[in-house]
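**Student:** Please read through the structure below; I'll follow up with questions.
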Amino acid sequence: MAGNSIGELFRVTTFGESHGRGLGAVIDGCPSGVSISEEDFVFEMERRRPGTRPFDTQREEPDRVEILSGVFEGKTTGAPLALRIANQDVDSSPYEILRTLYRPGHADFSYEKKYGHVDFRGGGRSSARETTARVAAGVVARKILEADGIDIKGFTTALGGVYASKIDRRAAESNAFFCPDPGALEGMERALQRARGDGDSIGGIVEVRVSGCPAGLGEPVFAKLDADLAGALMSVGAVKGVEVGAGFEVAGRRGSENNDPITPDGFSSNNAGGILGGVSNGDEIILRAAVKPIPSIAREQKTVDRQGRPASLKLTGRYDTCAIPRILPVLEAMVAIVLADHLLRSRSARFRQG
Ligand SMILES: Cc1cc2nc3c(=O)[nH]c(=O)nc-3n(C[C@H](O)[C@H](O)[C@H](O)COP(=O)(O)O)c2cc1C
């Protein structure tokens, strides 16, 4: 099973399964001198952790990150940085029904077709639990970015068909959904409660904004910044679409509307979402990820068993009603990992004398 690494200079590999002994990340190429302690991971891991909000899956996972290597006297050494998160609240019994049945909307069917087996206890590598390792690696990436004044923030701009119509950063920090529009919050909460009451699930949109990113990140042609960011976001389970800047709206516009005029003080609009020609232009980077409804639902669904015989499936385990807001720190982490990699790569792009 290849494809577990991302990045060139800041290269993150994740490992582990949801119901194995633990998960983690190895970061190869992390520069030396980055201050890091196990405490630094607590905040972000708590944001991703289930069971912290009433509508989350009630699995209790302390998600403490252990630093196994690559740090000496509180600073990275430049050697591989290995991070480990133990699985402590592992109860595989609710998954017993999945020993023989595929979950519609999940990865069971396609994994079995590819590998000839499937880890029915939560999906193994396809489980959202794998994203703990991404969040841990993202904490290290953020440290590198913060030193250059680069900040990453995610917002829930849609949930269950209710859309935010403004981005109020302060408002987003004061509610559990990271909803940036106080006017949309109640509707989002209602949509979530309704879906939960129906034994169903909902999706939404997460917008990630990056401020302070310098011009010059991104490598044409196959490592364009927008291509790498889109790939990183799409690598997160349940993400089904990514937009950059004006996104799909550009298709219906004229060039005169869509071009961002350039003035001596900078761009006077930001339809490009901070990226031109695959290279950051110094403006705010704006990304949106469409998140599908959680596949595991408590409603009866048609499926087949491993022999292809028709069956029906009604799940009773501990599942999220929506991947939002838990997915937010994961998406921020993926953006951080890509930007840290490109920031380090950009430093070797041009010879500067003196
Ligand atoms: C933070 C997060 C939480 C998730 N929680 C669940 C869950 O409780 N139950 C579930 O069936 N899927 C959950 N998912 C979605 C599945 O991981 C995802 O749908 C599955 O891996 C199939 O991949 P795909 O949706 O990209 O095709 C979650 C995803 C994320 C990112």
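Throughout, read-outs are computed from the coordinates displayed, never taken from laboratory work. Keep in mind the model is a prediction, meaning the values are calculated, not measured. We place every Cβ from the backbone using ideal geometry, glycine too, and count neighbours over all the protein chains shown.
**Student:** Name the residue, out of Y102, Y319, Y111, whose mean-square fluctuation peaks in a Gaussian network model built on the chain with Cα pairs under 10 Å.
**Tutor:** Among Y102, Y319, Y111, the largest mean-square fluctuation in the Gaussian network model of the chain belongs to Y111.
**Student:** Then there's this: So what is the relative contact order of the chain, in percent, for Cα pairs below 8 Å that sit 6 or more residues apart?
**Tutor:** Contact order relative to length: 21 percent.
**Student:** Along the Cα→Cβ direction, 7 angstrom out, place labels at D200 and A251. What is the inter-label distance in nm?
**Tutor:** With each label placed 7 Å out from Cα toward Cβ, I get 2.6 nm.
**Student:** Could you tell me what fraction of 2.2 N^0.38 Å the Cα radius of gyration of the chain comes to, as a two-decimal ratio?
**Tutor:** Against the empirical 2.2 N^0.38 Å value, I get 1.02 for the chain.
**Student:** Right, here's the next one. Cα to Cα, under 29 Å, and not fewer than 8 places away if on the same chain: which lysines meet these conditions relative to K75?
**Tutor:** Within reach: K143, K153.
**Student:** In deg cm²/dmol, rounded to 500, what helix-only [θ] at 222 nm does the chain give when every DSSP H run of at least 4 residues adds -39500 (n - 2.57) and the total is split over its residues?
**Tutor:** -7500 deg cm²/dmol
**Student:** Pairwise over distinct Cα atoms, reciprocal of the mean inverse distance: report the Kirkwood radius of region 97-153 in Å, one decimal place.
**Tutor:** Radius from the Kirkwood sum: 13.7 Å.
**Student:** What is the Å³ per residue value for the convex hull set by the Cα atoms of region 65-106?
**Tutor:** Per residue, the Cα convex hull of region 65-106 comes to 128 Å³.
**Student:** Follow-up question, since we're still on this one. Which of rounded, prolate or oblate describes region 193-329 when judged by the alpha-carbon gyration tensor and an a/c cut-off of 1.5?
**Tutor:** prolate
**Student:** Normalised radius of gyration for region 183-259, please: alpha carbon Rg relative to 2.2 N^0.38 Å, two decimal places.
**Tutor:** 1.50
**Student:** With a 10 Å radius around each residue's Cβ, average the other Cβ atoms per peptide and rank 254-266, 127-139, 204-216, highest first.
**Tutor:** 127-139, 204-216, 254-266
**Student:** In percent, what relative contact order does region 83-235 have, based on Cα pairs under 8 Å that are 6 or more apart in sequence?
**Tutor:** The value is 19 percent.
**Student:** Run the Debye formula on the Cα coordinates of region 11-134, all scatterers equal and no solvent, and tell me log10 I(q)/I(0) at q = 0.18, 0.20 1/Å.
**Tutor:** Values returned for q = 0.18, 0.20 Å⁻¹ are -0.98, -1.11.
**Student:** Determine the gain in length on full extension of the stretch M234-E186; use 0.36 nm per residue of separation and subtract their C-alpha separation, reporting nm with one decimal. Write down the numbers at each step before the final one.
**Tutor:** Working: separation 48, 0.36 × 48 = 17.28 nm, distance 2.86 nm.
In short, 14.4 nm is gained.
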